[in-house]
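Notes follow once the structure below has been shown.
None of the figures in this text is laboratory data; all of them are computed from the coordinates on show. No experiment lies behind these values; they were computed from the predicted model shown. Cβ placement follows ideal geometry from the backbone for every residue including glycine, while neighbour counts extend to all protein chains displayed.
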Amino acid sequence: MIADDAVLLGAGILAGAVGSAGGTASLISYPALLAVGISALPANMTNAVAFIACLPGSALGSRPELRGQGRRLLRMVPLAIAGGVAGALLLLVTPAAVFSQVVPFLVALAAVALLLQPRISQAQARHPGKTGTLVAQGGLLATWIYDGYWGAGAGVMTLAVLMLTIETQLARANAVKNVLLGVADIACSVVFVLYGPVRWAAVAPLALGFLAGGRIGPALARRMPQNLLRIVVALAGLGFAVHLGLSSW
């Protein structure tokens, strides 16, 4: 229906802009899929497949922040692929209800960590070496497994881990997050396309919106004050955690 396509296109534009700027895109796109009559599991997989369209737009929009980070990205790409595939396989073989009970706590924890990021970074500066490569990789792998399994709030979680372990500049961390989360989404989407109930009629308008919105988001992140964006993203994450909790309990 034209009305449904319009809803999904608009939701995709807004969600793509919010997500590529560091926020929680699925807070907008996932409810839109439910609103047009798609049930929970197909909506989750459809959302993940459509979200791939955010990658080219957000990568192009983040070119200034991505300069000099090519080697860092290449080192983390295999981890993003592994996490996305593992999470997708986990979704296919385990009851979604089990994990959905834990999701609100994970999103809330990431949002609180992002709120406290300046204090944590100061503590790390006073005690260098406390956060090593293995800690960073373990945290990122966990967020990308989560992204492949459910995905909602994965942007906030990935951004929090990156800022606490690898990159303290929010705009640069957000650019890395956009690329690597896109890679993880591609990986999990391959599994969903092969084995899951993806609703292709909904993918097209939502993906088109994601593509446009993903191009806008990095410019918003670049222009907003760093502390303001961090607080907005964290509060959005907390709000989404409450939303998920009320929906699942």
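Annotations for the structure displayed:
- Prolate/oblate/rounded label for segment 13-97 (Cα gyration tensor, a/c 1.5): oblate
- Note on Leu41, Leu180: ascending count of other Cβ atoms within 10 Å places them as Leu41, Leu180, the fewest first.
- Selected from Met45, Met157, Met76 as most flexible by GNM, with the chain as the system and alpha-carbon contacts under 10 Å: Met76
- Value of D in µm² per second that Stokes-Einstein yields for segment 134-184, Kirkwood Rh from Cα pairs, at 25 °C (0.890 mPa s): 232
- For segment 162-212 versus segment 76-90, the inter-centroid distance based on Cα atoms is 12 Å.
- Equivalent ellipsoid semi-axes, the chain, via Cα gyration tensor eigenvalues times 5, rooted, Å: 27, 19, 17
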